[in-house]
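See below for the structure under consideration.
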Amino acid sequence: MSRTPDQIRSSKRFLGVEWPPRAQEVSHLGDACTVHGSDDFHFADLRTVRGRFPGRHVTLDGEVITV
């Protein structure tokens with residue numbers, strides 16, 4: 001099930017930004033960004049988030065992607 005940006009709970013608006021289909025919540029604390037999923041993310045999801053944050057360190061740990 002794909003999610004649209006307005007279905008993602010977030011501390012910021014993300015109009016026109018695509019997140020992985022499993023994304024349930026996107027939160028920010030300073031420069032850090034955390035994407036929480038409904039299930040474990042895959043490497044394709046990690047590539048999607050890395051594409052949103054070029055030059056940043058992005059990690060994948062199960063249901064969480066951290067920038």
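The values are calculated or read from the model by the stated rules, or taken from the named source; none is laboratory data. A quick note: this is a predicted structure, and the numbers were derived from the prediction, not measured.
Of the residues Thr34, Thr59, only one is under 9 Å from the mean Cα position of the chain (by Cα), of a type in the set (Val, Ile, Thr) and at pLDDT 90 or above; which?
Thr34
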(request) Output the residues belonging to the stretch 45-67 that are in a loop (DSSP other than H, G, I, E, B), over 16 Å from His28 (Cα atoms) and not charged (D, E, K, R). (result) Pro54, Gly55, Gly62
